[in-house]
Amino acid sequence: MDKKEIRFKRAQNKTRNYIFVVGGVMSGVGKGITASSIAQILQARGLSVTAMKIDPYINVDAGTMNPTEHGEVFVLGDGLETDQDMGNYERFLNIDIPGINYMTTGSVYRDVIEKERSGGYKGRNVEVVPDIPLEVISRFEKAAEAADADVVIVEIGGTVGEYQGVLFLEAIRMMKARAPEHVAVVMVSYLPVPGSVGEMKTKPTQTAVRALNSAGVFADFIVARGPLPLDEKRKDKIAQFCNVKREHIISAPDVASVYDVPLNFEKDNFSKHLCEVLHLPCTKESDISAWGRFVQKTKKPKHAVTIAVVGKYFSSGDFILSDVYLSVLEAIKYSAYSLNAKPIIRYFSSLDFEKDPKKLNVLSEVDGILVPGGFGTTGIDGILATITYARTKKIPYFGICYGMQLAVIEYARNVLKMKDAHTVEINPKTPFPLIDVMETQRDNVKTQNLGGTMRLGEYPAHLKKGTIAAAAYKKTEISERHRHRYEVNNTYVERITEGGVIFSGASPTGDLMEILELPKTTHPYFVATQFHPEFHARPLAPHPLFTAFLAAALTQQS
Ligand code: GLN
């Protein structure tokens with residue numbers, strides 16, 4: 001047997017373990033962070049761990065969803081457009097995760113129907129139960145094989161009791177029936193403290209556990225989220241009414257920072273108890289020292305740095321939605337902490353700058369300005385005004401995707417005097433189509449073939465020596481994740497370059513502009529990328545371009 005075969009044999013005989021994380025009572029209490037933290041504390045035990053997310057909606061992926069409704073679309077290396085929790089997994093585990101680890105109800109049904117159409121069920125009746133849960137289970141197993149994982153953490157979106165989650169609970173029930181000693185169920189619940197009573201209430205948790213039980217699934221652990229830690233009395237009550245061992249009830253009160261969660265879990269010996277339930281030899285001492293060092297850095301930084309993020313998706317009714325740019329905000333934080341600086345991030349909706357241009361002056365109070373990605377017309381004039389402000393007032397600027405395309409437009413209009421220059425995404429009739437639809441995208445745009453068809457995922461780029469970009473990366477060959485349909489129009493590259501812009505990164509064939517910058521002689525730091533560097537930023541590996549931007553912002557300050 002050669003090495004590959006041996007590995008395959010070993011993989012075949014390996015016992016895979018599954019931890020399902022479900023939500024009770026209500027959503028938005030940190031199920032994703034709980035799942036990521038569980039994954040991390042098991043990884044710290046030396047186990048090979050991967051994480052999956054199930055979203056219960058019919059959309060095949062998260063790509064076509066409005067970010068103000070669904071939050072950020074996180075792009076995986078293989079190009080799948082997913083939920084922001086996949087980003088949490090990659091960041092907490094410091095690994096790349098493949099598309100097989102993400103599924104929606106829509107994607108499951110689509111595959112079952114396609115299999116039926118191509119004779120995959122050999123003419124038999126194909127039914128919602130068991131065929132849908134069986135397809136779900138086969139994906140769990142594929143993800144486990146792909147990662148050669150000892151443990152797969154699976155987060156089920158939504159809350160137990162919702163109609164749309166029933167088939168996923170059925171898949172868990174079937175898994176538990178097959179191998180009860182290798183499946184654990186964790187319910188993340190919420191224990192409110194109503195102001196009028198002033199006492200922490202366990203009843204919603206009891207009700208949620210019953211809803212879970214009625215699907216034939218029983219919780220092994222309850223993570224008790226709430227504004228306060230769980231006291232002994234309530235621990236007893238939950239243990240008594242919910243059939244969960246006392247030491248399997250994990251208190252998870254609100255914390256100042258989500259990075260504290262894995263460390264807090266270990267205070268309750270969570271990883272040890274999980275290993276016991278899964279019959280895993282939990283011999284290796286938990287080693288969360290690297291994470292601990294990162295968390296330490298976040299506690300008492302020496303400096304502070306203020307970054308303005310100017311985006312078009314911030315407003316949601318009377319609320320500000322920062323989740324839309326989650327990975328960007330996280331990337332800023334990691335680089336700031338690595339420079340021993342506290343990140344102060346201020347959010348601005350570009351629409352506000354449009355309505356009242358005087359408001360732009362608040363940008364004089366920040367050390368750096370970042371414009372993240374986006375689509376369509378709304379709020380674009382506010383973004384262009386922001387870029388003019390950053391460029392002319394010499395405030396460090398970092399543009400991502402749309403933030404690069406619009407930087408080209410801004411420069412062309414105001415420096416190169418190309419009146420009405422635009423991206424054809426907004427003005428198809430512009431006299432200067434500086435940003436044009438990519439050749440490969442023309443048909444998709446024409447026929448509205450919009451799902452999963454952008455230029456997505458990891459692509460290589462080559463950097464010019466001696467540029468800000470090459471200095472930041474400390475190398476000239478890079479690979480980054482993408483999500484776009486438009487690009488810098490090559491017809492104009494020469495003219496823009498002659499006009500003072502440096503294209504410091506391009507695709508290996510040289511025909512797709514990936515990074516632009518202004519020389520240090522004209523601006524302290526003006527860099528923009530066609531790709532999304534934020535998807536590679538990790539707490540334990542901050543992204544070099546974010547770090548260079550933050551360093552420039554700190555210099556600006558002094
Ligand atoms: N709307 C632009 C494009 O499709 C930019 C996309 C983005 O910012 N992700 O190319």
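What is the order of Phe549, Phe503, Phe140, Phe270, fewest Cβ neighbours within 10 Å to most? Intermediate results must be reported in sequence, preceding the final value.
Working: Phe549 28, Phe503 19, Phe140 22, Phe270 25.
Result, fewest neighbours first: Phe503, Phe140, Phe270, Phe549.
List Asp367, Asp96 from most exposed to least, where exposure is judged by having the fewest other Cβ atoms within 10 Å. Intermediate values should be presented prior to the final figure.
On the way: Asp367 21, Asp96 13.
Least to most surrounded, the residues fall as Asp96, Asp367.
Using a cut-off of 15 Å between alpha-carbon atoms, which aspartates and glutamates can reach Lys14, once sequence neighbours fewer than 8 places away in the same chain are excluded?
By straight Cα distance, Lys14 reaches Glu5, Glu141, Glu145, Asp148, Asp150, Glu181.
Picking from Tyr492, Pro542, Ala506, whose Cα lies most toward the positive end of the charge dipole for segment 469-558 (charges on Cβ: Lys, Arg +1; Asp, Glu -1)?
Pro542
Over the chain, what is the relative contact order in whole percent, taking alpha-carbon pairs under 8 Å and six or more residues apart? Spell out each step's value before the answer.
Details: 1072 pairs, mean separation 83.1, N = 558.
For the chain, the relative contact order is 15 percent.
Nearest 10 degrees is fine. How inclined is helix 105-117 to the longest principal axis of the chain, computing both from alpha carbons?
80 degrees
Looking at the square roots a ≥ b ≥ c of the eigenvalues of the Cα gyration tensor of segment 405-558, which shape do they give, rounded for a/c under 1.5, prolate if a/b is larger than b/c, or oblate?
Working: a/c = 1.92, a/b = 1.24, b/c = 1.54.
Here segment 405-558 falls in the oblate category.
Can you run phi through the Karplus equation (6.51, -1.76, 1.60; θ = phi - 60°) for segment 186-201 and list ³J(HN,Hα) in whole Hz, with x for Gly and Pro?
10, 9, 8, 10, 10, 10, x, 10, x, x, 5, 9, x, 10, 6, 9
Which of the pairs Lys115/Lys312; Lys245/Lys284; Lys53/Lys122; Lys31/Lys272; Lys176/Lys333 have their Cα atoms more than 32 Å apart in this structure?
Details: Lys115/Lys312 41 Å; Lys245/Lys284 24 Å; Lys53/Lys122 30 Å; Lys31/Lys272 20 Å; Lys176/Lys333 40 Å.
Where the Cα-Cα span goes over 32 Å, the pairs concerned are Lys115/Lys312; Lys176/Lys333.
Report the charge-dipole magnitude of segment 405-558 in Debye, nearest 20, computed about the Cα centre from +1 at each Lys and Arg Cβ and -1 at each Asp and Glu Cβ.
Around 200 debye, computed over segment 405-558.
Near the amide H of Ile344, under 5 Å away, which other amide H atoms are found, from residues 5 or more places off or on another chain, if H is placed in the peptide plane?
Those lying under 5 Å, H to H, from Ile344 are Val305, Thr306, Ile307.
Restricting to the chain, what percent of DSSP beta bridges are antiparallel, rounded to 5?
Details: 26 of 77 bridges.
Approximately 35 percent, going by the DSSP bridge assignments.
Through the Karplus equation 6.51 cos²θ - 1.76 cosθ + 1.60, θ set to phi - 60°, convert the phi angles of segment 285-294 into ³J(HN,Hα) values in whole Hz; use x for Gly and Pro.
My calculation for segment 285-294 gives 4, 5, 10, 10, 5, 4, 5, x, 5, 4 Hz in order.
Can you give me the long-range amide H partners of Cys401? Hydrogens built in the peptide plane at 1.01 Å from N, cutoff under 5 Å, separation of 5 or more residues or another chain.
The answer is Thr529, Gln530, Phe531.
For Ala537, what is the net charge nearby, where nearby means another residue's Cβ is under 14 Å from its Cβ and Lys, Arg count +1, Asp, Glu -1? Walk me through the numbers before you get to the answer.
Values: positive: Arg91, Lys333, Arg481, Arg538; negative: Glu72, Glu90, Asp96, Glu330, Glu480, Glu534.
Combined, the nearby Lys, Arg, Asp and Glu give -2.
For segment 361-420, rounded, prolate or oblate, judged on the Cα gyration tensor with a ≥ b ≥ c (square roots of eigenvalues), a/c < 1.5 rounded, else prolate if a/b > b/c? Could you put the intermediate results ahead of the total?
Numbers: a/c = 1.73, a/b = 1.20, b/c = 1.44.
Oblate shape, in that a/c is at least 1.5 and b/c is the bigger or equal ratio.
What are the residues whose amide H is under 5 Å from the amide H of Tyr525, where those residues sit 5 or more places off or on another chain and H is modelled from the backbone?
Tyr397
Mind ordering 534-543, 33-42, 79-88, 377-386 by average Cβ neighbours within 10 Å, highest first? Please list the in-between numbers first.
Numbers: 534-543: 21.4, 33-42: 26.2, 79-88: 23.7, 377-386: 19.8.
Per-residue mean Cβ counts within 10 Å order the peptides as 33-42, 79-88, 534-543, 377-386.
Is the chain rounded, prolate or oblate when judged by the Cα gyration tensor, a ≥ b ≥ c being the square roots of its eigenvalues, rounded requiring a/c under 1.5 and prolate requiring a/b larger than b/c?
Values: a/c = 1.89, a/b = 1.55, b/c = 1.22.
Judged from the Cα gyration tensor, the chain comes out prolate (a/c at least 1.5, a/b above b/c).
Any aspartates and glutamates with Cα under 15 Å of the Lys417 Cα? List them, leaving off those in the same chain fewer than 8 positions away.
Glu498
Within a Cβ distance under 14 Å of Asn264, other residues only, what is the Lys/Arg minus Asp/Glu net charge?
Details: positive: Arg225, Lys267; negative: Asp254, Asp260, Glu266, Asp268.
It works out to a net charge of -2.
Relative to the Cα centre, what is the charge dipole magnitude of the chain, using +1 at the beta carbon of each Lys and Arg, -1 at the beta carbon of each Asp and Glu, and rounding to the nearest 20 debye? Don't jump to the answer; show the numbers that get you there.
Numbers: 66 positive and 64 negative charges, 212 e Å.
Dipole size: approximately 1020 debye.
What does the charge dipole of segment 345-458 about its Cα centre add up to, to the nearest 20 debye, if the Cβ of each Lys and Arg holds +1 and the Cβ of each Asp and Glu holds -1?
340 debye
How large is the Kirkwood hydrodynamic radius of segment 226-285, in angstrom, based on all distinct alpha carbon pairs? Mind dumping the intermediate values first?
Numbers: mean 1/r = 0.0780 Å⁻¹.
Computed over segment 226-285, the radius equals 12.8 Å.
For Lys446, go through the lysines and keep the ones whose alpha-carbon is under 20 Å away, minus same-chain ones fewer than eight residues off.
In chain and number order, the partners are Lys429.
Here, each number is a calculation from the coordinates, and none is a lab measurement. Worth saying up front: this structure is predicted, and the values here are computed from it rather than measured. Using ideal geometry, Cβ is built from the backbone for each residue, glycine included, and neighbour counts are taken over all protein chains shown.
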